[in-house]
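Below is one structure, written out as structure tokens, with a few remarks after it.
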Amino acid sequence: MPGDELWGYTGEAARLLKEAGAEVGDRIRITKPDGTVYEGILMPRYALAQKPIIVVKLDNGYNIGVRVERGTRIEVVEKRRAKVGAVVTVPLLEESPPAGPKPRVYILGTGGTIASKVEYETGAVKPAMSAEELLEAVPEIGFIADIDAGVLFSILSENMTPSHWERIVDEVAKLIQEGYDGIVVAHGTDTMSYTAAALSFAFHRGLPVPVALVGAQRSSDRPSSDAAFNLHAAVLTAAKAPFAEVVVVMHGETGDTYALAHRGTKVRKMHTSRRDAFQSINALPLAKIWPQEGRIELLVKEYRERGREKLVVENGFDDRVALIKYYPGMKPEIIEFLVEQGYRGIVLEGTGLGHVGEWLVDSIKKAVDAGVVVVMTSQCLFGRVNMNVYASGRKLLAAGVIPGSDMLPEVAFVKLSWVLKRARDPEEAKRLMLENLAGEINPRHTVNLYPKWPHEP
């Protein structure tokens, strides 16, 4: 229990630590029989198992588990200090536990790199299937909240479908109804923004607690892994953030300093491998998350407040929606094929202000006349479509194309999928697509919403 000198340690590991006079928070040195030396802060161990593993936080900030055996020596290098900001990097280790119960956070696994751990006995990476394993891998989160965890499914994020979104929505709703103070959804990064948008629309009428999607760019067997830091930041967000929104929580820069909480309808993965790959588009992030300090810094004034709304769920997504990127010379047969196959919606990722080749206008008009809802977005990402400027745009408007404002193409795709599951006719679908439901449309853009990436030699 909290306050124990060797919280969570049993068996041989506890015996060696007691002989050395070590306590959680002390700086210790472990010397193995083969001469290998590990030095760091002794961390609590949440998994109450007999495995002789000692968890230490290295100077680089990462936690590792060291297996001890006969002949292993442990010595205390420095005792933990009494004040916050001393040797221990998790402040709550040096303070008394906060008065009253901790928030309850549920970590829901759906797959991806984040939902894995190193098995120190074998060196292999495997799914972390339980709250105990997550707490052993990232013990800091246990000081923030009472953690429960479970796996809904474990798939690569490119294999996500609208039916998977529906299952996640149902499970998150059930967990909120059970009284959890925040939900963390562990997800693969490649399509995480799609799922974040889906959850945003499903809960747009009422969400009482934060729902934080989190992933990892690099697996937990790599020294540069971002899995533990991101999970720590996501749990802090779910437990303590003042907003009740669907957000994506990932590294804010390449170092382990802060994470960013991006609104689920305004975020995109902008790099294949960088730790800070996720950025808000046409909007500011909601907050900076400083997990090591236990601090959340709000970056916006307008957000949905925690605890003000009752849960309202509008689940359901139509899988007969297509997202098409326009390219020079694109053939009308592509539009016609989708109509023939019974698709009910098409999102076009057009050029600039929202254009496609003029030879496509007739096939688009035929699609609209057949009851297909067609929405225009831009390949540019930043800025918004404006189809009134040029004649080609006005022709598309006359053909019945709906301007997608500043929505990301993938967000417009998810929204149209959600809309077509409940709209009675194309006119109602158009009304809903033009309405700002979950923060997907920003009516006002300022210069600071357009990042200017410096050229680095």
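Please verify whether LYS102 is open to solvent by 40 Å² or more (accessible area, probe 1.4 Å) and either at pLDDT below 90 or within 29 Å of GLY215 (Cα to Cα) (or both), treating the condition exactly as stated. Against the criterion (open to solvent by 40 Å² or more (accessible area, probe 1.4 Å) and either at pLDDT below 90 or within 29 Å of GLY215 (Cα to Cα) (or both)), LYS102 qualifies.
Go through (1) touching a helix residue (DSSP H, G or I) at 6+ places or on another chain (Cβ under 6 Å); (2) surrounded by fewer than 13 Cβ atoms within 10 Å (Cβ to Cβ) one by one and return the number of the condition GLU302 breaks. Unmet condition: (1).
Scanning the stretch 445-454 finds no residues that are open to solvent by less than 90 Å² (accessible area, probe 1.4 Å), in a loop (DSSP other than H, G, I, E, B), of a type in the set (S, T, N, Q) and modelled with pLDDT of 95 or more. The residue pairs whose first member lies in the stretch 181-197 and is among the hydroxyl-bearing types (Ser, Thr, Tyr), whose second member is part of a loop (DSSP other than H, G, I, E, B) and at pLDDT 95 or above, and whose beta carbons are closer than 6 Å, counting only pairs six or more residues apart or on different chains, are THR191/MET160.
Scanning the stretch 205-228 for residues that are in contact with a Phe, Trp or Tyr (Cβ under 9 Å, 6 or more places away or on another chain), at pLDDT 90 or above and open to solvent by 10 Å² or more (accessible area, probe 1.4 Å) returns a single hit, VAL209. Within the stretch 149-166, restricting attention to residues that are assigned to a helix (DSSP H, G or I) and loosely packed, with under 15 Cβ neighbours inside 10 Å, the residue that is nearest to the chain's Cα centre (by Cα) is GLU158. Look at (1) over 14 Å from the mean Cα position of the chain (by Cα); (2) within 20 Å of LYS269 (Cβ to Cβ); (3) assigned to a loop (DSSP other than H, G, I, E, B); (4) not polar (S, T, N, Q) and you find that GLY188 fails only one, number (1).
Using the structure shown, decide if LYS421 is open to solvent by 10 Å² or more (accessible area, probe 1.4 Å), modelled with pLDDT under 95 and either assigned to a loop (DSSP other than H, G, I, E, B) or in contact with an Asp or Glu (Cβ under 8 Å, 6 or more places away or on another chain) (or both).
Considered against the rule, which asks whether it is open to solvent by 10 Å² or more (accessible area, probe 1.4 Å), modelled with pLDDT under 95 and either assigned to a loop (DSSP other than H, G, I, E, B) or in contact with an Asp or Glu (Cβ under 8 Å, 6 or more places away or on another chain) (or both), LYS421 comes out as no.
Scanning the stretch 238-286 for residues that are in a loop (DSSP other than H, G, I, E, B) and small (Gly, Ala, Ser), we see that the one that is surrounded by the most Cβ atoms within 10 Å (Cβ to Cβ) is GLY264. Is at least one residue of the stretch 388-402 open to solvent by 10 Å² or more (accessible area, probe 1.4 Å), within 24 Å of the chain's Cα centre (by Cα) and of a type in the set (Phe, Trp, Tyr)? No, because not a single residue in the stretch 388-402 is open to solvent by 10 Å² or more (accessible area, probe 1.4 Å), within 24 Å of the chain's Cα centre (by Cα) and of a type in the set (Phe, Trp, Tyr). If I filter the stretch 6-29 down to residues being under 16 Å from GLU78 (Cα atoms), assigned to a helix (DSSP H, G or I) and of a type outside the set (A, V, I, L, M, F, W, C), which single residue comes out as nearest to the chain's Cα centre (by Cα)? Among those that are under 16 Å from GLU78 (Cα atoms), assigned to a helix (DSSP H, G or I) and of a type outside the set (A, V, I, L, M, F, W, C), it is LYS18.
Is it true that GLU297 is open to solvent by 40 Å² or more (accessible area, probe 1.4 Å), among the acidic types (Asp, Glu), farther than 23 Å from LEU420 by Cα and within 18 Å of the chain's Cα centre (by Cα)? The answer is yes for GLU297. Of all positions in the stretch 211-228, none carries a residue that is in contact (Cβ under 8 Å) with a residue 40 or more places away in the chain and in contact with a Pro (Cβ under 9 Å, 6 or more places away or on another chain).
The values are calculated or read from the model by the stated rules, or taken from the named source; none is laboratory data. What you see is a predicted model; the values in this text were computed from it and never measured. Don't worry about glycine lacking a Cβ; one is built from the backbone with ideal geometry, like all the others, and counts go over all protein chains shown. Accessible surface areas use protein heavy atoms only, side chains included; no ligands, DNA or RNA. Shrake-Rupley method; radii C 1.70, N 1.55, O 1.52, S 1.80 Å.
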